[in-house]
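I have placed the structure first, in the form of structure tokens, so that the comments after it can refer back to it.
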Amino acid sequence: MEQGSVWLATAELPRHPALAADLEVDVAVVGGGLVGLTTALLVARDGARVAVLEAAGIGAGTSGRTTGKVTSQHGLIYADLADRHGGDVARGYAEANQEGLAKVAELAGQLPVDCEDSRLPAFAYAVRPEGRERIAAEVLAAQQAGLPATGTTDVPLPFPVSAAIRFDDQLLIHPGRYLAGLAGAVSAAGGMIFDGTRIGEFDKRGNDGVRLTAVNGVRVHADRAVLATLLPPGLVGGYFARTRPTRSYALAVTLRGPAPEAMTISVDDTPTRSLRPWRSDGLIVVGNDHEPGAEADTEAGYRDLETWARANFDVVSVDHRWAAQDYRTPDRLPYVGRTPFSSRILTATGFAKWGLSSGTAAALVLADLIAGRPGRPWQSIFDATRIGDAASVGRLIKDNLSVGTEFVGGRFGAAGDPADLAPGRGGLIMLDGNRLGGYRDPGGTLHAVTPTCTHLGCPLHWNQADTSWDCRCHGSRFDADGAVLEGPAVEPLARHEPAE
Ligand SMILES: Cc1cc2nc3c(=O)[nH]c(=O)nc-3n(C[C@H](O)[C@H](O)[C@H](O)COP(=O)(O)OP(=O)(O)OC[C@H]3O[C@@H](n4cnc5c(N)ncnc54)[C@H](O)[C@@H]3O)c2cc1C
Ligand code: FES
């Protein structure tokens with residue numbers, strides 16, 4: 001079993017040099033995931049001089065670790081959107097995602113890479129009888145939103161369901177290959193891509209564009225900047241306080257026999273199970289949603305998924321396992337467009353684990369805004385400067401209060417003797433009178449960092465399964481040597497050289 005995304009292990013992602021000298025472009029796209037690459041491609045095809053500035057490498061973020069379903073069916077959402085915001089917003093969300101889906105299908109068809117794209121139905125199902133009513137309401141709301149939705153109990157799963165909603169003609173892709181194809185297309189369209197280039201500062205220059213500074217000090221001057229970083233870095237636009245991180249575990253397993261020819265997701269009040277086929281006999285199993293930094297036993301989620309997969313399918317082997325995260329907004333609508341900070345700094349965030357379709361729709365909006373084209377009819381529902389309705393703001397305050405509790409209360413976990421850390425294990429340690437985060441690598445070397453998040457100072461929690469230091473406040477993650485893995489943090493953790 002390999003630790004890491006099956007999509008990254010089975011795609012040839014192009015590598016690019018880091019940005020080494022100051023640069024001037026029309027559009028700087030920060031982030032080389034699906035949203036950044038799609039935006040860069042559209043903007044380059046519009047004739048702009050564009051550079052993608054990626055902290056690690058193409059697909060290093062969530063896009064390389066997704067389930068790969070490109071669908072307008074996002075669990076149960078349309079009845080809730082209609083209820084909270086009205087039928088027009090539910091319809092706008094549906095149209096945006098259908099347009100995103102169509103764009104992915106179009107691009108996948110053009111790219112010189114086999115993206116393993118195929119059309120399949122998508123089902124959201126309830127096993128428990130209590131789910132029937134919610135499914136019935138969702139079928140109605142989805143149909144009213146103009147989607148190809150029907151109610152059914154006929155779902156290609158090895159167990160009975162009490163109710164389900166079926167969307168026809170949805171799309172599956174191999175996310176790694178799709179990203180590789182997008183990156184190649186950006187370069188072919190004249191766009192530049194730089195890996196290993198983490199942007200730490202954004203400085204609006206009035207009418208003179210935006211200046212971006214990488215952590216190595218290199219600067220980019222751009223007319224417009226697009227923050228396609230899953231969540232805008234640092235404090236930009238206050239998005240860290242207007243979203244919550246949500247993380248899931250994933251397995252790629254081989255079955256004895258073919259996998260069900262459908263995308264499915266459970267909607268019961270039990271840990272989510274999201275499935276899709278890969279190869280002829282492979283199944284991707286995703287679930288056990290949680291907030292990063294919140295799980296005391298990070299192996300438990302993987303174990304639970306595997307136990308469920310083995311109980312329901314004839315599993316020959318578990319081949320890959322990984323985890324990934326995304327951000328959700330309090331009103332269930334992503335933020336897309338200009339930031340409150342500046343009309344020259346645009347963003348797209350808050351896809352709630354459905355950003356392949358809605359992130360592609362976001363890229364269409366961003367490219368329109370940059371080109372000065374008239375907006376799409378549904379664009380305003382994603383307004384990235386909105387504050388939100390009273391209920392959403394109330395939910396946000398409640399969520400942020402729990403983060404405040406973490407800030408105060410999360411610092412008091414027991415710290416052990418570093419000598420007690422077995423190879424491959426990490427945790428809080430006391431070293432020379434300092435409370436540090438320690439990890440003993442399989443070769444026996446101790447790595448020590450200050451376990452305080454460099455974003456806003458929350459305490460970090462050791463994630464044994466993914467060997468990282470995770471922040472519960474806004475989802476920043478750091479490796480055992482303190483390098484930023486993801487989240488709004490930009491600066492690494494302070495490292496200590498333990499003398500053992
Ligand atoms: C477990 C899981 C399963 C999912 N499954 C699905 C699915 O089946 N269908 C679906 O539609 N959606 C799914 N999603 C959601 C979807 O994958 C994401 O919404 C989407 O990939 C987000 O793309 P992105 O480009 O915004 O972010 P990312 O892919 O995370 O890209 C952001 C990039 O920005 C870079 N970056 C970050 N900070 C900086 C910085 N300061 N400077 C430079 N670069 C920076 C990162 O290295 C990263 O490469 C899933 C999400 C999860 C967590
Ligand atoms: S991510 Fe904000 S404090 Fe850690």
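What residue, among those in region 100-121 that are in contact with a Leu (Cβ under 8 Å, 6 or more places away or on another chain) and assigned to a strand (DSSP E or B), is most open to solvent (accessible area, probe 1.4 Å)?
Among them, the one singled out is Arg119.
Results for (1) modelled with pLDDT under 95; (2) open to solvent by less than 10 Å² (accessible area, probe 1.4 Å); (3) farther than 23 Å from Gly33 by Cα; (4) not assigned by TED's automatic domain parsing to the domain that holds Val35, shown as yes or no for each residue.
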site: Val315; (1), (2), (3), (4): no, no, yes, yes
site: His320; (1), (2), (3), (4): no, no, no, yes
site: Ala324; (1), (2), (3), (4): no, no, no, yes
site: Ser358; (1), (2), (3), (4): no, yes, no, no
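Failed condition for Glu54, given (1) within 16 Å of ligand 1 (Cβ to nearest atom); (2) farther than 19 Å from Thr329 by Cβ; (3) open to solvent by less than 30 Å² (accessible area, probe 1.4 Å); (4) in contact with a strand residue (DSSP E or B) (Cβ under 6 Å, 6 or more places away or on another chain), with all others met?
(4)
From Gly32, Gly47, which residue is in contact with a strand residue (DSSP E or B) (Cβ under 7 Å, 6 or more places away or on another chain), more than 16 Å from ligand 2 (Cβ to nearest atom) and either at pLDDT 95 or above or in a loop (DSSP other than H, G, I, E, B) (or both)?
Being in contact with a strand residue (DSSP E or B) (Cβ under 7 Å, 6 or more places away or on another chain), more than 16 Å from ligand 2 (Cβ to nearest atom) and either at pLDDT 95 or above or in a loop (DSSP other than H, G, I, E, B) (or both) holds for just one of Gly32, Gly47, which is Gly32.
Quick check, is Asp304 modelled with pLDDT of 95 or more and surrounded by fewer than 18 Cβ atoms within 10 Å (Cβ to Cβ)?
In short, yes.
Can you work out which of the residues in region 458-473 that are open to solvent by less than 20 Å² (accessible area, probe 1.4 Å) and not in a strand (DSSP E or B) is nearest to ligand 1 (Cβ to nearest atom)?
So the residue we want is Ala465.
For Arg273, work out the one condition from (1) within 13 Å of ligand 1 (Cβ to nearest atom); (2) in contact (Cβ under 8 Å) with a residue 60 or more places away in the chain; (3) within 19 Å of the chain's Cα centre (by Cα) it doesn't fulfil.
Here Arg273 meets the rest and fails (2).
For region 316-337, give me each residue that is farther than 25 Å from Gly359 by Cβ and in contact with a Lys or Arg (Cβ under 8 Å, 6 or more places away or on another chain).
Scanning region 316-337 gives a single hit, Val316.
Filter region 422-438 down to residues that are open to solvent by less than 80 Å² (accessible area, probe 1.4 Å) and over 11 Å from Pro498 (Cβ atoms) and give me whichever is farthest from the chain's Cα centre (by Cα).
Going through the qualifying residues, I end up with Gly433.
Tell me which residues, restricted to region 436-471, are of a type in the set (Phe, Trp, Tyr) and within 16 Å of ligand 2 (Cβ to nearest atom).
Once the filter is applied, which keeps residues that are of a type in the set (Phe, Trp, Tyr) and within 16 Å of ligand 2 (Cβ to nearest atom), region 436-471 yields Trp462, Trp469.
Scan region 27-37 and give yes if some residue there is on the phi > 0 side of the Ramachandran plot, of a type outside the set (Val, Ile, Thr) and touching a helix residue (DSSP H, G or I) at 6+ places or on another chain (Cβ under 9 Å), otherwise no.
Yes: region 27-37 contains one or more residues that are on the phi > 0 side of the Ramachandran plot, of a type outside the set (Val, Ile, Thr) and touching a helix residue (DSSP H, G or I) at 6+ places or on another chain (Cβ under 9 Å).
All but one of (1) farther than 30 Å from Ser274 by Cα; (2) in contact with a helix residue (DSSP H, G or I) (Cβ under 6 Å, 6 or more places away or on another chain) hold for Ala188; which doesn't?
(2)
Checking Leu364 against (1) over 17 Å from the mean Cα position of the chain (by Cα); (2) open to solvent by less than 40 Å² (accessible area, probe 1.4 Å); (3) under 29 Å from Cys458 (Cα atoms); (4) at pLDDT 95 or above, which test does it fail?
(3)
Residues in region 261-269: is at least one aliphatic (A, V, I, L, M) and surrounded by fewer than 18 Cβ atoms within 10 Å (Cβ to Cβ)?
No, the conditions are met nowhere in region 261-269.
So if I check each of Gly217, Gly191, Gly196, which one is more than 13 Å from ligand 1 (Cβ to nearest atom), closer than 19 Å to Ala18 by Cβ and surrounded by fewer than 20 Cβ atoms within 10 Å (Cβ to Cβ)?
Answer to the selection: Gly217.
Which residues, counting only those in region 474-489, are open to solvent by less than 10 Å² (accessible area, probe 1.4 Å), closer than 14 Å to His447 by Cβ and in a loop (DSSP other than H, G, I, E, B)?
Within region 474-489, just Gly482 meets the criteria.
What tally of residues in region 416-455 results from selecting those that are within 16 Å of ligand 1 (Cβ to nearest atom) and in contact with a helix residue (DSSP H, G or I) (Cβ under 8 Å, 6 or more places away or on another chain)?
Going through region 416-455 one residue at a time, the tally reaches 1.
Filter region 326-341 down to residues that are open to solvent by less than 60 Å² (accessible area, probe 1.4 Å) and part of a strand (DSSP E or B) and give me whichever is farthest from Trp7 (Cα to Cα).
For region 326-341, the residue satisfying everything is Gly337.
The values are calculated or read from the model by the stated rules, or taken from the named source; none is laboratory data. Just so you know, these numbers come straight off a predicted model, no measurement behind them. Counting neighbours? That spans all protein chains shown, and the Cβs are built from the backbone with ideal geometry, glycine included. For the accessible areas, the whole protein counts, side chains as well, though only heavy atoms, and no ligand, DNA or RNA atoms are used. Shrake-Rupley method; radii C 1.70, N 1.55, O 1.52, S 1.80 Å.
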